[in-house]
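Novice: Okay, handing you the structure first.
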Amino acid sequence: MGIEKTLETNIIRMRPEAEVALKTNDLHVHYGDFEAIKGVSMEFEKNKITSLIGPSGCGKSTYLRSLNRMNDTVPGAKVTGEIIYQGIDVNVPEVDVFEMRKNIGMVFQRPNPFSKSIYENIAFALRRHGMKDKAALDEIVETSLKQAALWDQVKDQLNKSALALSGGQQQRLCIARAIALKPDILLLDEPASALDPISTSQVEETLLELKEKYTIIIVTHNMQQASRISDYTAFFYLGNVIEYDETRKIFTRPKIQQTEDYVSGHFG
Ligand SMILES: Nc1ncnc2c1ncn2[C@@H]1O[C@H](COP(=O)(O)OP(=O)(O)OP(=O)(O)O)[C@@H](O)[C@H]1O
Ligand SMILES: [Mg+2]
């Protein structure tokens, strides 16, 4: 079974039997008068990796950032429509955004570790969420660094500054920091774009391991990366989702000409 567009709601949905981790209903994002996202309704399947692809400026980051309310603080940005997580619309003022982001975590394009030790980069967020017990903190620091495939390289230097790590290591530290809070959903905006091929493949391996536990939504400009790691791919263009399907279909036999043109490198 492929995905289908239901007539009643126009939601682009996965296999009907699949468990949905997150969905948006008619999501619009405006920056002032400019409409960057024009009513996107789509569902993300649990424990899968979904890639968002499309030419520069088509709204991938805008859409991704909306999913955990990162656009709240962007001047002039207005997000309307529903973002349904665990049966609740998290796009309403009453939602505790700090708590919500514990469940919907984010990793940015440029690694942004705090100017603190490797250990503190992870422990800091946990303490802010009320965890004080040293042994428990130690354990989570270790498991999240292991999950992010960084532990072996840093286990003897946890007190070293995170800024002394390589770019690829810093990005994996940021992934460790995000997963230390045990989010359900991990949003990543071009997490490997600043990395060399070896670090990129390490980050990709990490993501493939993480999908056992998490639902991953990743923006990428790298078509090979999207086809290597993602189960589903959504092609964005001018603020709309043009096509959303199983990754291999998007890359081998897309249904829509614009998708075909983009994935074969004819535009964008
Ligand atoms: N803070 C902002 N204020 C005003 N306009 C913005 C802002 N951020 C993005 N835009 C506009 O919204 C549109 C979508 O931008 P967005 O960054 O989401 O695109 P993108 O698909 O992530 O592009 P890229 O692949 O280059 O990262 C663009 O036209 C951009 O100029
Ligand atoms: Mg972007």
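The values are calculated or read from the model by the stated rules, or taken from the named source; none is laboratory data. Here the structure is a predicted model, which means the values were calculated and not measured. All Cβ positions, glycine included, derive from the backbone under ideal geometry; neighbour counts span all protein chains shown. Heavy atoms of the whole protein, side chains included, go into the accessibility calculation; ligands, DNA and RNA do not. Shrake-Rupley method; radii C 1.70, N 1.55, O 1.52, S 1.80 Å.
Novice: Suppose accessible area is computed on protein heavy atoms with a 1.4 Å probe; arrange 267, 44 from highest to lowest.
Specialist: In descending accessible area the options line up as 267, 44.
Novice: Mind checking the dipole of the chain: about its Cα centre, +1 per Lys or Arg Cβ, -1 per Asp or Glu Cβ, Debye to the nearest 20?
Specialist: Taking the Cα centre of the chain as origin, the dipole is about 520 debye.
Novice: Grab every C-alpha pair in region 9-149, bin the distances at 10 angstrom width from 0 up to the longest one, and report whole percents.
Specialist: Going from the shortest bin to the longest, the percentages are 10, 34, 32, 20, 4, 0.
Novice: Considering only protein heavy atoms, what is the solvent-accessible area of residue 131 at a probe of 1.4 Å, reported in Å² to the nearest 10?
Specialist: Its heavy atoms expose roughly 60 Å² to the probe.
Novice: Mind ranking 138, 33, 152 by accessible surface for me, highest first, 1.4 Å probe? Walk me through the numbers before you get to the answer.
Specialist: Values: 138 60, 33 155, 152 120 Å².
The ranking, largest first, comes out as 33, 152, 138.
Novice: Tell me the mean residue ellipticity at 222 nm calculated for the chain from its helices only (DSSP H runs of n ≥ 4, each -39500 (n - 2.57), averaged over every residue, nearest 500).
Specialist: It lands at -10000 deg cm²/dmol.
Novice: Let me ask something else about it. Distance between Cα centroids, region 199-268 to region 136-182: provide it in whole Å.
Specialist: Comparing the Cα centres of region 199-268 and region 136-182, I get a distance of 27 Å.
Novice: Would you mind working out the accessible area per residue for region 4-263, using a 1.4 Å probe, and quoting it in Å²?
Specialist: Counting only protein heavy atoms, the per-residue value for region 4-263 is 45 Å².
Novice: Would you mind calculating the gained length between residue 166 and residue 103 on full extension (0.36 nm times residue separation, minus the Cα-Cα distance), in nm to one decimal?
Specialist: 19.9 nm
Novice: To the nearest 10 square angstrom, what accessible area does residue 248 show with a 1.4 Å probe?
Specialist: 140 Å²
Novice: Keeping all protein chains in place and using 1.4 angstrom, which order do 82, 212 fall into by accessible surface area, from largest down? Let's see the in-between values first.
Specialist: Details: 82 75, 212 145 Å².
The ranking, largest first, comes out as 212, 82.
Novice: Quick one: what do you get for the chain if you divide its Cα Rg by 2.2 N^0.38 Å?
Specialist: Here the answer is 1.00, to two decimals.
Novice: Could you check the spin-label model distance between residue 128 and residue 155? Points 7 Å from the Cα along Cα→Cβ, value in nm.
Specialist: Modelled inter-label distance: 2.9 nm.
Novice: When the dipole is taken about the Cα centre of region 201-268, and only Lys, Arg (+1) and Asp, Glu (-1) are charged at their Cβ, what size is it in debye, to the nearest 20?
Specialist: 100 debye
Novice: Give me the angle, in degrees from 0 to 90, between the Cα long axis of helix 118-128 and the longest principal axis of the Cα atoms of the chain, rounded to the nearest 10.
Specialist: 70 degrees
Novice: Starting from 0.36 nm per residue, how many nanometres of slack lie between residue 95 and residue 146 once their C-alpha separation is accounted for? List each step's numbers first, then the result.
Specialist: Numbers: separation 51, 0.36 × 51 = 18.36 nm, distance 3.20 nm.
Length difference between fully extended and current span is 15.2 nm.
Novice: So, with a 1.4 angstrom probe, what is the percent of accessible area on the chain that is carbon and sulfur?
Specialist: Percent of accessible area from carbon and sulfur atoms in the chain: 50.
Novice: Next question. Probe 1.4 Å, all protein chains in place: accessible area of residue 116 in Å², nearest 10?
Specialist: 80 Å²
Novice: Between residue 88 and residue 198, what is the label-point separation in nm under the 7 Å Cα-to-beta-carbon projection?
Specialist: Going by the 7 Å Cα→Cβ label model, 4.5 nm.
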